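Here is the structure we will look at, set down as structure tokens.
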Amino acid sequence: MNGKEGIRLPNDERLAELQSEIAQLRQQLVEANEANRPNTALELTIKELEGRLVRKMAEIDRLQRALNSEERKVVELERERELQNKSLLVLHQQLQMERKPQRSSG
């Protein structure tokens, strides 16, 4: 025996304490990682849903712009139809005016 065997020095005790603490911290880390797995899955699901939401909102914006454009076209077509109806009414009145003298003289 060299004198150190069988005798625990204060450094050896401190080393054992640190090794025990490291083992506990490793176990806590493993447990934390296992507990975070569901959170990670939820975070991935949330990110996926947020991505889908952004895409849907962009699609809604695009469709809204297209709808607004079509509504402007409808308004323009309604104006054109109204002008055509007025023109037809004037032509119809002119035609009736043309026919009245013919009936009177006929």
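The values are calculated or read from the model by the stated rules, or taken from the named source; none is laboratory data. Quantities reported herein were computed from a predicted structural model and do not represent experimental measurements. Backbone-built Cβ (ideal geometry, glycine too); neighbour counts: all protein chains shown.
Listed values, structure above:
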quantity: Qualifying residue in the stretch 14-35 (condition: among the hydrophobic types (A, V, I, L, M, F, W, C) and modelled with pLDDT of 95 or more); calculated: no
quantity: From Leu25, Leu63, Leu88, Leu49, residue being more than 49 Å from the chain's Cα centre (by Cα) and free of Cβ contacts under 8 Å to residues at least 12 places away in the same chain; calculated: Leu88
